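One structure below.
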Amino acid sequence: MLAMNRRTLVQLVALGMLSAGLLMLGLSIGSTGFHAWTDTDPALRQILWDIRAPRSLGAWLAGALLALAGAVAQGLFRNPLADPYLLGSSAGASLGVAVLNFSVGLSPAATALALRIGMTGAASTGAVLAVLLSLTLARGVEQTLRLLLAGVVVGVVLGSASSLLALMNPDILRAMQAFMLGSTGYVGWSAVQVMALALVLCLLVSLGCSRALDALTLGEDTARSLGQRLSLIRLLLIGALSLATGATVAQCGLIAFVGLVAPHLVRSWGPTTHGALLLLSALTGGVLLLAADVGARWVIAPQELPVGIITALLGGSYLLWLMHRRKVSMGGAR
């Protein structure tokens with residue numbers, strides 16, 4: 001069982017309540033507002049339960065998966081800047097979807113469960129290969145700067161390959177353009193099922209490895225002396241990281257910064273073990289992306305912005321503020 005202190009329990013409850021409130025708000029954002037809740041018109045009820053409900057729940061699940069992937073990556077590679085984007089896994093997942101679309105002619109708007117599972121498998125495979133390629137180029141995880149540079153290079157190269165495939169097939173170009181910006185507009189109940197299953201699996205694996213992540217903070221030699229099987233742990237966590245990234249990218253496209261910002265926010269609330277950090281990061285990521293999705297639908301209603309643009313603007317601004325604060329604190333320490 002996962003041991004939690006009172007502060008962690010309070011944070012979990014608060015995030016759960018905030019998630020529920022945002023889900024209710026997500027169900028109410030639209031041209032019909034709250035009237036769809038009580039209206040007996042079948043069309044309005046369909047809008048509520050077949051469009052708004054899966055989109056809102058899907059946005060929360062996508063944020064939870066990205067944040068969980070970011071927390072796993074930061075703990076596994078002992079690098080606070082690691083996330084699905086910087087390690088190249090998002091670009092690899094995107095390339096996997098682009099290859100499948102190019103070969104079979106699928107679209108990110110596909111609603112069949114089998115097609116969604118197929119895109120998730122292709123994206124996860126691409127994410128695994130991208131992470132392994134980054135690790136190979138960096139010659140392991142010891143050199144932080146080398147790993148980050150390798151991840152950036154892999155991301156740029158694989159992203160260019162995805163764009164090239166989209167240009168070579170005009171039939172998927174428009175759909176892939178929306179996919180690259182990140183959007184929850186295509187999320188239906190089949191996508192929700194895929195992401196929910198992926199979240200459960202990734203949580204089980206990552207929580208099962210949380211003690212190993214705690215041990216890794218003391219160094220690899222110490223972790224081995226404590227009996228941790230690091231090779232197996234790395235394999236399991238890279239698989240969980242890739243599945244979480246692949247499931248999200250396949251259903252919602254490329255959404256930046258959630259996986260990087262959510263674990264940082266959780267750590268700013270106070271020190272915690274990796275078991276609690278993983279759970280809190282997932283909940284925080286769900287809240288962040290669902291709030292961004294609600295904002296994307298509301299800010300220029302009745303039109304909407306791609307949610308990836310909102311997360312990029314807010315996440316980038318947060319990181320710039322964080323860098324400035326650290327620079328000021330380091331200057332004051334001198």
Simple spin-label model, 7 Å along Cα-to-Cβ: Leu218 to Val157 in nm? 3.8 nm
Per its Cα gyration tensor (rounded if a/c is under 1.5, else prolate when a/b beats b/c, else oblate), the range 211-334 is best filed as oblate
Using the Karplus curve 6.51 cos²θ - 1.76 cosθ + 1.60 with θ = phi - 60°, work out ³J(HN,Hα) for each residue of the range 242-252 in order, rounded to whole Hz, and write x for Gly and Pro. 5, 5, 4, 5, x, 4, 5, 5, 5, 8, 10
Please arrange Leu313, Leu237 by accessible surface area, largest first, computed with a 1.4 Å probe and ligands excluded. Leu313, Leu237
Order 66-73, 252-259 from most to least packed using the mean count of other Cβ atoms within 10 Å. 66-73, 252-259
Along the range 9-20, what does the Karplus equation 6.51 cos²θ - 1.76 cosθ + 1.60 (θ = phi - 60°) give for ³J(HN,Hα), rounded to whole Hz, x for Gly and Pro? 4, 5, 5, 4, 5, 4, 5, x, 5, 5, 4, 4
Within the range 197-295, trypsin sites (Lys or Arg not before Pro) in DSSP loop having at most 14 other beta-carbon neighbours inside 10 Å: Arg229
Length gained if Leu197 through Val13 is fully extended, taking 0.36 nm per residue and subtracting the Cα-Cα distance, is 64.0 nm
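The values are calculated or read from the model by the stated rules, or taken from the named source; none is laboratory data. Everything quoted here is computed from the prediction, not taken from an experiment. Cβ: placed from backbone, ideal geometry, glycine included. Neighbour counts: every protein chain shown. Quick note on the areas: whole protein, heavy atoms, side chains included, nothing else; ligands and nucleic acids left out. Shrake-Rupley method; radii C 1.70, N 1.55, O 1.52, S 1.80 Å.
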